[in-house]
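Only one structure is covered here, and it is reproduced in the block below.
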Amino acid sequence: MTDAVRLSTTEITFTAANTVYNSTLVRVFAPALSLVTVRNAATTVLGTMTIPANGVEYIKKQPTDTIGGSTTLNCTVGSY
């Protein structure tokens, strides 16, 4: 992943499944340890990962895919 990513929306905070503005690249910050789940529009699990407390990850997804966490996630749209 590149070091320079443009952030293009206001950060949102949630736990329940969210498309994050129907974006295809999402910056995810987890203030606490969180199991993150990505699902498609049919709610099929596409993948999971654990983000440690204060961790940041970038997730590429389809616009209708959702991201949810076992604890609060702070997310914003990214682009190159």
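The Kirkwood hydrodynamic radius of the stretch 39-80, based on inverse pair distances between different Cα atoms, is 11.7 Å.
Using a Gaussian network model of the chain in which every pair of alpha carbons under 10 angstrom is joined by a spring, one finds that among T15, T43, T64 the greatest mean-square fluctuation is at T43. Of the accessible area of the chain, computed with a 1.4 Å probe over protein heavy atoms only, carbon and sulfur atoms account for 53 percent. Structural descriptor for the chain: relative contact order 49 percent, calculated from alpha carbon pairs under 8 angstrom and at least 6 residues apart.
Taking Cα centre as origin and charging only the Cβ of basic (Lys, Arg, +1) and acidic (Asp, Glu, -1) residues, the dipole magnitude of the chain rounds to 120 debye.
Under 5 Å between amide hydrogens, built in the peptide plane, is the criterion, and for T71 it picks out L35 among residues at least 5 positions away or on other chains. Along the charge dipole of the chain, Cβ charges K/R +1 and D/E -1, which of G47, S34, T15 sits furthest on the positive end? Positive-most Cα among the choices belongs to G47. Between N74 and T44, the FRET efficiency estimated from the beta carbon spacing at R0 = 22 angstrom works out to 0.30. Just so you know, the Cα atoms of the chain work out to an Rg and Dmax of 11.4, 33 Å. Residues in the chain average 56 Å² of solvent-accessible surface per residue, probe 1.4 Å, ligands and nucleic acids excluded.
The values are calculated or read from the model by the stated rules, or taken from the named source; none is laboratory data. Model, not experiment: these values are computed from the prediction. A quick note on method: Cβ atoms are made from the backbone with ideal geometry, for glycine too, and the neighbour counts reach across all protein chains shown. To get the accessible areas, we keep the full protein, side chains included, count just its heavy atoms, and leave off ligands, DNA and RNA. Shrake-Rupley method; radii C 1.70, N 1.55, O 1.52, S 1.80 Å.
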